[in-house]
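The values are calculated or read from the model by the stated rules, or taken from the named source; none is laboratory data. Every value quoted in this text rests on a predicted model; they were computed, and no experiment measured them. FYI the Cβ positions are ideal-geometry reconstructions off the backbone, even for glycines, and counts take in every protein chain you see. Side chains included, ligands, DNA and RNA excluded: accessible areas come from the protein's heavy atoms. Shrake-Rupley method; radii C 1.70, N 1.55, O 1.52, S 1.80 Å.
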Amino acid sequence: MSVVFLHQFPPRFQYTNSSSILRVLSLSFNGLNDSSILQWVSNMTNISSTTLEYLDLSYNNFPGLIPSAFGNLGSLVHLDLSSNELQGPIPAGLGQLHLLSHLDLSSNALEGLVPGSIFELELLEYLSLASNNFQGIQFSNFPGSLCRLQTLNLGRNNVLNDFSSIMHTFSGCVNNSLVSLNISNNRFWGSIPNSIGAFSSLQELYLNDNQLNGTISPNLGQLSMLEDLDVSSNSLTGTLSVHHLSNLSRLLDLDLHDNPELMINISANWVPPFQLTMITLRSCNVGPYFPKWLTNQASLYKIDISNTGISDTIPTSLWNLFSSNLNYLNVSNNDIHGVLPNLSLNSGSANTIDLSSNRIEGAIPSFLGNATTLFLNDNKFYSSMAFFCPKFEVYVNFLDLSNNLLSGELPDCWQGFKYLSALRLDNNNFSGNLPPSMGALNRLSYLSMRNNSFNGELQISVHNWTELLVLDLEFNSFTGHVPVGIGSSLSSVLVLVLGNNRLSGTLPLSLCGLSNLQILDLSYNQISGTIPECICHLRAMTDLYAYTTEISYPGSLYGPDVYATSETIKWKRKEQSFSHTLGLVKYVAISNNQLQGHIPGGISCLKGVASLDFARNNLTGSIPLEIGELTSLEFLDLSRNHLSGQIPSSLAKLTFLGTLDVSYNNLSGKIPTGTQLQGLDPSAFMGNRGLCGPPLAKCIGDTTFVNVPKQGNSINREGENNGSDILPGLYISIVLGFIMGFWGVCGTLVIKRSWRHSYFRFVEDMYDRLYVMVLATIPRYTLQHSHFSDFLTALYIQYVSSFEYLRKKYSGMETCSCLLFLFAYLTPLSSTYTTTGVSLGACAHSNIQIQCVGEEGEALLNFKQGFQVVIVDCSHLWANQECFHWYVTAPVVSLAFTLVGQPINKATVLWKLSCANLSANVLEGLVPRSSFKLKLLKHFDLSYNKIEGIKFSNILGSLYRLQRLDLSNNHINKC
């Protein structure tokens, strides 16, 4: 079959014997990315204007404008153009589709004002304009006769308007019909007015992420059908009381978070008429008392009352909710105090418990170990023995106990934490050695124990921490050597911080095996020896563009999707905390040790490193000349060593270098001239007696030259002055030439739309011509494994006596939509396909059962013999000498395949088919030409395959009875 690209077709097709009853056309989820297809579909007026009712072109990345000709498709009931790249305004012609009940234009780049004619479609039930860039909507055109509208989604646009005035325009029967209203993520401002109570059928109300800055009307309580209410992320004021909620008996989800001026004034003992599943009050004024009425909500699976000003204890009855449905609890950033009860309840369903940033004290109860994500940091817990050594299995995956009052040695019970992947114990007062059982944490990817009092040799079982990404043991008292096998056992580590301990010995060569390492801090130890020459093997530091954008871990199902690692590191001599940007930092710090020898020349490979700190060691030799190749360098500290020689001139070329310190060495010579170095403080070079030049004192022999004219050089001097006068003109000429040459062409394309379209159309046509030329030269045998093709005949039906027999016997009865299923599993063998299994079944549409008689058996035998290739033994499918029980009420008019590979090309023998269903298979390539000769075909379903191309002119030109065509969820790019 020759391949014809759709944009090569004329804008309007001329058909002969074309279908005049096409009702359903679905091309969704194909990624067609060709706006001419839109133009082609919209111009099928001889077909579509009279019969086309359902049109789905969603998820195709169509660019450009919505063709105004869509307004001519007067029979449309369902139009879906969502999830494309459509731009510009909505054509007013869409307002002429008076039969339309479903219109979805969401997730495009449409802009401007929404025409009022859209709101004059009286049969409209569903309207979604979400995720576009509309600046305004002509709400004043809302007629009172828009009585069927149930769903209105205007979310994620750029609409700036007064919400109160808009609600007043919703009048008449719209109030009674509207079920879902979504105007989230816009710029609506004002109050929630009294008119909100008129929407008696409203079940979903999403007003979140706007600029609402008024009060909430008590009439909200009149929405007795309301199930979901979201007014979060606004600036609402006033009070939300029982009067707002007392009649909302069907309320399930309540989200008020991030309204810091909104006061929640509800009695702690109030008994609500509803049973919530989710409530989010984060950053509202709830306190000072804990909202105990929540403990009566047995269906809750999410509670977020963080940062709400609560200064109270947690009622014991709240923990009982974990025995039912509660999955997410966040009470962080309050002033909650007291001691947690030591309960023996089953909280195995808990996903996240966040009690951080409060004043909770006492022992950590063991039942919290059933949560998968547990934040207990920034409290006053002082005992952890019962938690670390529970009597049951622990499910904790993420555990944060940092910034508490925990002390003593860690219990040796870590074998029970087999799911643990992230552990934070920093800023406590733990002491002693690391327990041996911590080596069993083979899923650990993050470990921070900084700022404790751990001591002893660093004899950790690093061999089991193969998934570790971050290891931070800074500010402890560990002794001994850096583990020799650290390079091979921690091959995945990104951040290794062992600074401010008492480590000694030399740097192991295996350190160079940490190919993913981005942060290395061994400063403030007693490490001796030399810097390994293999430092160039730290691959992640040698790559300018290789970054781990975020070091994070899976989060809660109802909280954050991920928890980003927050790590405090020494960055440019200051303690700084990094979270989402930690993966962008690359530095090496080995300062304040006893390292000797020279700085290896291989350091020039570390082109991605932004900070190098080798200060306060005993390094000798010169600064490598190649150090100027570290183009990402922002910080370089080589101070207080014994370096000698000159400062390499290449340092002056490091444009990002903001901090340089080479003080107190034995450097000499002139400081290289460059903007970066001369702008530094002189203290960066002090303590080097041989250094001179700015910003230090000028070198001996430096003189200031004054241009004194000489008699013999008067002509030359004049010539030099003339040359300097030419330079400004030269620069002006270059700029003018660029403007005239570049913008004279490109500017015209930007301003003149028709020229721009012609130019890009020419480029696309040339690409298509080259593509077709290349495709045409591909040998046919290379297509047999990847495309539908006309020459594929390895499997086909040769005889149709069975169909003829049934057609004659039941010709007087109505056709059935689904009678016979053929399941064929094709396996590639060399350059052909062979059948490995065939089974026959039937789709019953009647209680009539025709027992196996001679004629049916003969017909089935003929059908079986119709396969040209060898069939494996299917005797288990047949009975009574090749007989088969067959439910049938009419001639065989429907055929469905479950195939892998390519379809039957000789499909024309099935001329009686009215329904062909080949959906949900692994079909690929182009649809064969013979498929278009099934003249009686009404329903053609090829959805959910890997089809790459189809010739629409053949389908709509030959299948004149076609009513439903579904090509959705394919890879069609050739038409």
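Key figures
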quantity: All-pairs alpha carbon distance profile, the range 579-703, 5 Å steps from 0, percent; calculated: 2, 11, 21, 25, 21, 11, 5, 2, 1, 0, 0
quantity: Contour minus Cα-Cα distance for residue 317 and residue 689 (0.36 nm per residue); calculated: 126.5 nm
quantity: Residue 666-residue 407 FRET efficiency (beta carbon distance; Förster radius 60 Å; 0.05 resolution); calculated: 0.80
quantity: Heavy-atom accessible surface of the range 245-343: percent carbon and sulfur, 1.4 Å; calculated: 45
quantity: Gyration tensor (alpha-carbon) shape descriptor, the range 204-336, a/c threshold 1.5; calculated: oblate
quantity: Theoretical FRET efficiency, 1/(1+(r/R0)^6), r = Cβ-Cβ of residue 263 and residue 343, R0 30 Å, to 0.05; calculated: 0.40
quantity: Shape of the range 345-410, Cα gyration tensor, a/c cut at 1.5; calculated: oblate
quantity: Value of Rg to Rh for the range 331-465 (Rh from inverse mean 1/r over Cα pairs, i.e. Kirkwood); calculated: 0.94
quantity: Kirkwood Rh in Å, taken over all unlike Cα pairs in the range 474-549; calculated: 12.9
quantity: For the range 458-548: accessible area per residue (Å², 1.4 Å); calculated: 38
quantity: Efficiency of FRET from Cβ geometry, residue 391 and residue 289, R₀ 30 Å, rounded to 0.05; calculated: 0.30
quantity: Added length on full extension, which subtracts the Cα-Cα distance from 0.36 nm per residue, residue 681 to residue 574; calculated: 36.7 nm
quantity: Distance between modelled label sites at residue 539 and residue 644, nm, 7 Å Cα→Cβ extension; calculated: 4.0
quantity: Per residue Cα convex hull volume in Å³ - calculated over the range 186-239; calculated: 72
quantity: Charge sum, other residues only, whose C-beta stays under 13 Å from residue 491's C-beta, Lys/Arg counted +1 and Asp/Glu -1; calculated: 0
quantity: Binned Cα-Cα distances of the range 156-264, short to long, each 10 Å bin given as a whole percent; calculated: 16, 52, 31, 1
quantity: Pairwise centroid distance, computed over Cα atoms, of the range 72-115 with the range 250-285, Å; calculated: 38
quantity: Estimated Rh, the range 398-497: Kirkwood, alpha-carbon pairs, angstrom; calculated: 13.5
quantity: Net charge of Cβ neighbours under 10 Å - reference residue 335; Lys, Arg +1; Asp, Glu -1; calculated: 0
